[in-house]
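The structure appears right after this line, and notes come after that.
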Amino acid sequence: MPGKVGMLRCLPDLAGRLAAAGQMSDDSKLEQKAAGLDDLTPSEKSQINSLNKRYKDKFGFPFVICARENKKDAILKGLAQRLNNEKDQEIHTGVAEVKKICWLRLTSIVSTKSSL
């Protein structure tokens, strides 16, 4: 599992420092915006920052969820709930979420290219 954990460690925190600085990929920006993560209230921002820190402290990698398939309330709820999981389960879940993200991005590229 070291390769999987290493891959998960490369991902940015949802609505984190890189998002605030505008330093994420264009796809990530659009996905987080569509999920409502660019429009968090101060309370929600504090909550997600706290949960992100607890998650990363517990598991050693950031929380990963496919933002295209979720809105901010579901993301906050999922983040809080998944803190109760074991590390092996979160590695599996995180990798599965990365696969969803990759698949959606790839199909978006292919459908855009095929319409040209």
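The values are calculated or read from the model by the stated rules, or taken from the named source; none is laboratory data. Because the structure is a prediction, the values reported are computed rather than measured. Backbone-built Cβ (ideal geometry, glycine too); neighbour counts: all protein chains shown. Heads up: the accessible areas ignore ligands, DNA and RNA and are worked out on the full protein's heavy atoms, side chains in. Shrake-Rupley method; radii C 1.70, N 1.55, O 1.52, S 1.80 Å.
From the list 76, 51, exactly one residue is closer than 16 Å to residue 16 by Cα, touching a Leu at 6+ places or on another chain (Cβ under 6 Å) and aliphatic (A, V, I, L, M). Which is it?
Unique residue meeting the criteria: 51.
Give the number of residues within segment 28-51 that are within 20 Å of residue 66 (Cβ to Cβ) and either of a type in the set (Lys, Arg) or loosely packed, with under 15 Cβ neighbours inside 10 Å (or both).
Qualifying residue count for the region: 5.
Can you say whether residue 38 is of a type outside the set (A, V, I, L, M, F, W, C) and within 20 Å of residue 76 (Cβ to Cβ), as far as the supplied structure shows?
Spelling it out, residue 38 is indeed of a type outside the set (A, V, I, L, M, F, W, C) and within 20 Å of residue 76 (Cβ to Cβ).
Inside segment 59-104, can you point out the residues that are loosely packed, with under 15 Cβ neighbours inside 10 Å, within 19 Å of residue 47 (Cα to Cα) and of a type in the set (D, E, K, R)?
71, 73, 77
If the Cβ limit is 6 Å and pairs must be 6+ apart or interchain, which residue in segment 54-74 that is farther than 10 Å from residue 8 by Cα pairs with which residue that is open to solvent by less than 10 Å² (accessible area, probe 1.4 Å) and assigned to a loop (DSSP other than H, G, I, E, B)?
55/63; 56/62; 67/35; 70/35; 71/35; 72/35
I need the full set of residues from segment 17-65 which are of a type in the set (Asp, Glu) and over 15 Å from the mean Cα position of the chain (by Cα), in order please.
39, 44, 57
Listed here are the residues, each with its yes/no results for (1) assigned to a helix (DSSP H, G or I); (2) farther than 24 Å from residue 26 by Cα.
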site	(1), (2)
52	yes, no
55	yes, yes
61	no, no
68	yes, no
74	yes, no
80	yes, yes
84	no, yes
91	yes, yes
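Residue 108 - would you say it is part of a helix (DSSP H, G or I), at pLDDT below 95 and either touching a strand residue (DSSP E or B) at 6+ places or on another chain (Cβ under 9 Å) or not β-branched (Val, Ile, Thr) (or both)?
yes
Would you pick out the residues in segment 4-22 that are in a helix (DSSP H, G or I) and surrounded by 18 or more Cβ atoms within 10 Å (Cβ to Cβ)?
8, 19
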